[in-house]
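Colleague: Here's a structure for you.
The values are calculated or read from the model by the stated rules, or taken from the named source; none is laboratory data. Predicted, not measured: the structure shown is a model, and the values here were computed from it. We place every Cβ from the backbone using ideal geometry, glycine too, and count neighbours over all the protein chains shown.
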Amino acid sequence: MIMRENLMAIAIVLYSFIASAGTIDPSVPDQKYKEYGSKFECVVEISGMCCCNSKEEKHKFHASAVAIDPHWIVTAAHVVKDTSDVVIKLKEKEYKISKIIIHEDFEEGQVGHHDIALGYSEEDFGLSFYPDLYDKEDEVSKIASLCGYGMTGNFSTGVVKSDGAKRAGSNIVERTERSVLVCSIEGGRKTSLEFMIGSGDSGGGLFLDGKLAGVNSFVMATDGKPNSDYGDECAHTRISIYNKWIEEKIK
């Protein structure tokens, strides 16, 4: 297990930034990432009030989630821990998330462990497609699609701004670590639409073969600055481990 600097910092910061989406290859037009992001209708914005059970002042959070059923979303546990008034935004309409289920083994101080949660809406989302859950353990070396509403920038600058746009790109799953899938933007093969998640992408999705294989969780950095630039790595909660948990909770 590789431990990196400032992991907890990025896990906390991810859900407090205003939404937009991920860092991109500086040699590729940004519009291509936006166009690809529009294809992931199941990836939605999530927002609400956080720090509701602590001494910290309440504030608005913005992050990402994935609709996996007409009434259910999956997101990162650290996004919805101690929150209230949670809604998702889909096609300019807001849906109230009336029930949140956080994995029972999730602990805020244990970054990368069981960072997964479910949310329920009484109102049907009305999508024509919901992704199946990836159930194989062969993710390593496969090309994945990553999507979310996090801060944006490029690999040279790191995340620098928010603009409210959904972006998606691709990356290769390099390895598994703890209960996450890990991607990077240096070394080995490179995809044509190389992409890394940024602050606010937490809860969004990593997809393999059209199926949801990961939930965006956190960024790791050796330089103490987890800003999704060259040298950083991103981690995604591994859905194949939590298939049964998700199915049981939804039932």
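Colleague: For Lys251, only one of the following conditions fails: (1) surrounded by fewer than 24 Cβ atoms within 10 Å (Cβ to Cβ); (2) more than 27 Å from Gly48 (Cβ to Cβ). What is its number?
Modeller: Exception for Lys251: condition (2).
Colleague: Under 9 Å between Cβ atoms, which residue pairs at least 6 apart in sequence (or on different chains) link something in the range 22-46 that is over 24 Å from Asp232 (Cβ atoms) and among the polar types (S, T, N, Q) with a partner that is modelled with pLDDT of 95 or more and not in a loop (DSSP other than H, G, I, E, B)?
Modeller: Once the first residue is over 24 Å from Asp232 (Cβ atoms) and among the polar types (S, T, N, Q) and sits in the range 22-46, its partners that are modelled with pLDDT of 95 or more and not in a loop (DSSP other than H, G, I, E, B) give Ser38/Ala168.
So that you can scan it fast, the table gives a plain yes or no per residue for (1) buried (at least 21 other Cβ atoms within 10 Å of the Cβ); (2) in contact with a Gly (Cβ under 8 Å, 6 or more places away or on another chain); (3) assigned by TED's automatic domain parsing to the domain that holds Val219:
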position	(1), (2), (3)
Val86	yes, yes, no
Lys93	no, no, no
Ser98	no, no, no
Glu108	no, no, no
Val111	yes, no, no
His114	no, no, no
Glu137	no, no, yes
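Colleague: From the list Val160, Val173, Val215, pick out the single residue that is touching a Lys or Arg at 6+ places or on another chain (Cβ under 7 Å) and not basic (Lys, Arg).
Modeller: Working: Val160 fails: touching a Lys or Arg at 6+ places or on another chain (Cβ under 7 Å); Val215 fails: touching a Lys or Arg at 6+ places or on another chain (Cβ under 7 Å).
Exactly one of Val160, Val173, Val215 is touching a Lys or Arg at 6+ places or on another chain (Cβ under 7 Å) and not basic (Lys, Arg), namely Val173.
Colleague: Follow-up question, since we're still on this one. Name the residues in the range 119-132 that are surrounded by 11 or more Cβ atoms within 10 Å (Cβ to Cβ) and either farther than 16 Å from Gly204 by Cα or touching a Ser or Thr at 6+ places or on another chain (Cβ under 8 Å) (or both), would you?
Modeller: Across the range 119-132, the qualifying residues are Gly119, Tyr120, Ser121, Glu123, Phe125, Gly126, Leu127.
Colleague: Can you pull out the residues in the range 195-220 that are small (Gly, Ala, Ser) and buried (at least 21 other Cβ atoms within 10 Å of the Cβ)? Break it down stepwise before answering.
Modeller: Let us first name the residues in the range 195-220 that are small (Gly, Ala, Ser), namely 198-200, 202-205, 210, 213-214, 217.
Across the range 195-220, the qualifying residues are Gly198, Ser199, Gly200, Ser202, Gly203, Gly204, Gly205, Ala213, Gly214, Ser217.
Colleague: Residues Arg238, Arg178: which one is surrounded by fewer than 22 Cβ atoms within 10 Å (Cβ to Cβ) and either within 13 Å of the chain's Cα centre (by Cα) or of a type in the set (D, E, K, R) (or both)? Before you say what the answer is, go through the steps one by one.
Modeller: Values: Arg238 fails: surrounded by fewer than 22 Cβ atoms within 10 Å (Cβ to Cβ).
After applying the criteria, what remains is Arg178.
Colleague: Scan the range 137-193 for residues that are in contact with a His (Cβ under 9 Å, 6 or more places away or on another chain) and on the phi < 0 side of the Ramachandran plot and jot them down.
Modeller: Answer for the range 137-193, where residues must be in contact with a His (Cβ under 9 Å, 6 or more places away or on another chain) and on the phi < 0 side of the Ramachandran plot: Ala144, Leu146, Tyr149, Ser162, Val173, Ser179, Val180, Leu181, Val182, Cys183.
Colleague: Of all residues in the range 133-147, which are assigned to a strand (DSSP E or B) and either more than 18 Å from the chain's Cα centre (by Cα) or hydroxyl-bearing (Ser, Thr, Tyr) (or both)? I'd like the intermediate steps shown before the answer.
Modeller: Narrowing the range 133-147 to residues assigned to a strand (DSSP E or B): 133, 143-147.
If the condition is that a residue be assigned to a strand (DSSP E or B) and either more than 18 Å from the chain's Cα centre (by Cα) or hydroxyl-bearing (Ser, Thr, Tyr) (or both), then Ser145 is the only one that fits.
Colleague: Got a sec? Which of Ile73, Ile101, Ile88 is assigned to a strand (DSSP E or B), touching a helix residue (DSSP H, G or I) at 6+ places or on another chain (Cβ under 8 Å) and of a type in the set (A, V, I, L, M)?
Modeller: On the way: Ile73 fails: touching a helix residue (DSSP H, G or I) at 6+ places or on another chain (Cβ under 8 Å); Ile88 fails: touching a helix residue (DSSP H, G or I) at 6+ places or on another chain (Cβ under 8 Å).
That would be Ile101, the only listed residue that is assigned to a strand (DSSP E or B), touching a helix residue (DSSP H, G or I) at 6+ places or on another chain (Cβ under 8 Å) and of a type in the set (A, V, I, L, M).
Colleague: Among what's in the range 139-150 and is hydroxyl-bearing (Ser, Thr, Tyr) and crowded, with 21+ Cβ neighbours inside 10 Å, pick the residue that is nearest to Cys183 (Cα to Cα). Before you say what the answer is, go through the steps one by one.
Modeller: So in the range 139-150, the residues hydroxyl-bearing (Ser, Thr, Tyr) come out as 141, 145, 149.
Next, only the ones that are crowded, with 21+ Cβ neighbours inside 10 Å stay: 145, 149.
Details: Ser145: 11, Tyr149: 18 Å.
Among those residues, the one meeting the criterion is Ser145.
Colleague: Residues being within 13 Å of Ser145 (Cα to Cα), in a loop (DSSP other than H, G, I, E, B), of a type outside the set (D, E, K, R) and modelled with pLDDT of 95 or more: count how many of those fall in the range 10-41.
Modeller: Qualifying residue count, the range 10-41: 2.
Colleague: Checking Ser162 against (1) out of contact with any Pro (no Cβ under 6 Å at 6 or more places or on another chain); (2) modelled with pLDDT of 95 or more, only one condition comes out false. Which one?
Modeller: For Ser162, the failing item is (2).
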